[in-house]
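The values are calculated or read from the model by the stated rules, or taken from the named source; none is laboratory data. If you're wondering where the values come from, they're calculated on a predicted model, not measured in any experiment. So basically every Cβ, Gly included, is an ideal-geometry build from the backbone, and we count neighbours across all protein chains shown. The protein model used for the area step is the full one, side chains on, heavy atoms only, and it has no ligands, DNA or RNA in it. Shrake-Rupley method; radii C 1.70, N 1.55, O 1.52, S 1.80 Å.
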Amino acid sequence: MKAEANSAEGTKAGAKPERRHFLRDIIEEDLRTGKYGGRVHTRFPPEPNGYLHIGHAKSICLNFGLAKEYGGLCNLRFDDTNPTKEEMEYVKSIQEDVRWLGFDWEDRLYYASDYFEQLYEYAVQLIKKGKAYVCDLSADEIREYRGTLTEPGKESPYRNRSVEENLDLFRRMRAGEFPNGARTLRARIDMSSPNLNLRDPVMYRILHATHHRTGDTWCIYPTYDWAHGQSDSMEGITHSICTLEFADHRPLYDWFLDELGIYHPQQIEFARLNLTYTVMSKRKLLQLVEEKHVDGWDDPRMPTISGLRRRGYTPESIREFAERIGVSRSESTVDMASLEDCIRDDLNKRAQRVMAVLRPLKVVIENYPDGMVEELDAVNNPEDASMGTRKVPFSKVIYIERDDFREDPPKKYFRLSPGAEVRLRYAYIIKCTDVVKDEKTGEIVELRCTYDPETRSGSQQRSRRVKGTIHWVSAPHALNAEVRLYDRLFTVEDPSGDDWKSFINPNSLELLRNCKVEPSLATAKAQDRFQFERMGYFCVDYDSTADHLVFNRTVTLRDTWAKIEKS
RNA sequence: UGGGGUGUAGCCAAGCGGUAAGGCAGCGGCCUUUGGAGCCGCCAUUCCCAGGUUCGAAUCCUGGCACCCCAGCCA
């Protein structure tokens, strides 16, 4: 069925075919062979040590999306095995972000910490089998004993303790008899394995720390490697989807599961998402926040879900992005332009059009009657007639964009210049007759124009045509607004390396405090999205109030003029 | 000089022995009261390289090369 959907016809019909990828192949094959009795059960397993970013969105769309697509289930499970880095604030934000993206874990909200007792029991089982032991080596010593990439490691002198001693020591570790780092519980595998993960990895470490959920119940905590596979197993996960760097760990997870003799999910790795002009590691994002390079995790410049949300991205656009980029096992860095195309595409269809002048230049229409006001009809969305029309007031004094006037126009400049004509959107054709400048600075402070009453928009205007159309706002009716213009956070495509912070774009935020917007925006509420005609897509920021409107620029419109002018 | 991965266009990415999908970007043109949107067209004689197998190879084999990941009591 899906194959046919790939025809040009299927694409045009609007029922977008899912693109082919190896995860779908594997799942379909498993479904066909009945490998898991027809079940598809995935999970999204974040550690609550930071906010989710667009890379996580890819994983969320994969896990929740695939489950939904094949009639399965997807759990949300917090991998909260490290109390020193995890916080409740993060578990809250993660849930909010997953929900906002449009996914639902129903009653399947789990925590690795829910399994601490069971994990402890499993560990005891391995000790009893002689497959795990308490080791007294320090962290440094363990590293030395581990060997290197090319040389085998050495066995710990504590490796051959008796089962009884191990059981006793492990019990006392749990009881809190030893200080942090004094001992660990290690799997007894193979110190000469070419896979370093198999050189007696640590399963438990002593951490006298308060856990955000279990409080002080525990002072030993399972490592991720020890907890993850068993958590998946306990939840009956069929397809345990994770990123490439865990491929090396798979033999370890397999070993644990096999030694324990419990249900065995299959792990499948995919390449994590990288995006140009941004960073994606939680460590770096945390640093940007803590060092105040941005205004918090939800700063609109951040690639976090909450940042994108505040920036004005829609869940639909992010899901579409996840689908467009596909999924594979090769390292990739997706062009930011691709993400931007997704939001433009979505907002083009849904955003209400509105007129807003970001850098106002006053224009007096000399032959327009004093005090007269006309209510002109404006289309709310040319892509969607059902969104209707609205009235926009027009009067003798208006504001236009400073950039829409050039005293000395370059070639192919279709906007206003001395003596030139331009159409005011939904209104009249005007002609610039005079330029008023500040005597001292020479700055243009006002334009004098005349209008042609015969050219009113909507009238039988077949008479005259001009090349350019510009937007405007009636001065006496205009609302003041603050507009935050966001640009890419970094100046280079790949801000990696030790000096990554030196690539932070000093102009990633431009604050415009004297913008003029049309009166219909008076009732706009936080998160409402608009297209400011000819300028871009904007959304109302959380900081916005009735007497102080604040808009964030989500993305500019495609600007072919900017390209022409550049060349 | 260990192990695990990956190499298809500027960026993603299909392709699974039968003659290189699609998207983004870019470039032309049409259309347009948003220099937006939309529409039309162009954009890999070749798939990291070299051999080999085959009537036929991006797909199979052999040998190279390049890049990524692993030496946390992080995840």
Under the 7 Å Cα-to-Cβ spin-label approximation, A:ASP377 and A:ASN274 lie apart by a distance in nanometres of 5.4 nm
Can you compute the helix-only [θ] at 222 nm over chain A? Use -39500 (n - 2.57) per DSSP H run of at least 4 residues, normalise by all residues, nearest 500 deg cm²/dmol. -8000 deg cm²/dmol
With a probe of 1.4 Å, find how much accessible area chain A has per residue, and write the answer as a whole number in Å². 46 Å²
All-pairs alpha carbon distance profile, chain A, 20 Å steps from 0, percent: 17, 41, 26, 13, 3, 0
What is the extension gain from A:ASP438 to A:SER281, computed as 0.36 nm multiplied by their sequence separation minus the C-alpha to C-alpha distance, in nm to one decimal? 51.5 nm
In terms of Cα to Cα distance under 18 Å, which lysines are near enough to A:LYS437, apart from those fewer than 8 places away along the same chain? A:LYS362
The stretch A:354-478, relative contact order [Cα under 8 Å, separation at least 6], %: 31 percent
From the phi of every residue in the stretch A:82-99, what ³J(HN,Hα) in whole Hz does the Karplus formula 6.51 cos²θ - 1.76 cosθ + 1.60 yield, where θ is phi - 60° and glycine or proline is x? 10, x, 6, 10, 9, 9, 4, 3, 6, 5, 5, 5, 5, 5, 4, 5, 5, 4
Between A:THR210 and A:LEU109, take the C-beta separation as r, use R0 = 22 Å, and let me know the FRET efficiency to the nearest 0.05. 0.55
Using alpha carbons only, how many degrees (0 to 90, rounded to 10) separate the axis of helix A:163-175 from the longest principal axis of chain A? 40 degrees
If the cut-off is a Cα-Cα distance under 18 Å, which aspartates and glutamates reach A:LYS411, setting aside same-chain residues fewer than 8 apart in sequence? A:ASP403, A:GLU421, A:ASP559, A:GLU565
Return the lysines within reach of A:LYS284: Cα separation strictly under 24 angstrom, same-chain partners fewer than 8 residues apart disregarded; answer none if there are no such residues. A:LYS58, A:LYS85, A:LYS92, A:LYS292, A:LYS501
If you line up the long axis of helix A:315-325 against the longest principal axis of chain A, both from Cα atoms, how many degrees apart are they, to the nearest 10? 70 degrees
Taking the 0 to 90 degree range and rounding to the nearest ten, how far is the long axis of helix A:224-234 tilted relative to the main principal axis of chain A, both from C-alpha atoms? 90 degrees
Area projected by the alpha carbon convex hull of the stretch A:354-478, averaged over all directions, nm²: 8.5 nm²
Need the full-extension length gain, A:ARG159 to A:GLU446, defined as separation in residues times 0.36 nm minus the C-alpha distance. One decimal, nm. 94.8 nm
Keeping the other protein chains in place, figure out the carbon and sulfur percent of the accessible area of the stretch A:9-270, with a 1.4 Å probe. 48 percent
Listed peptides A:439-447, A:44-52, A:342-350 by packing density, highest first (mean Cβ within 10 Å): A:44-52, A:342-350, A:439-447
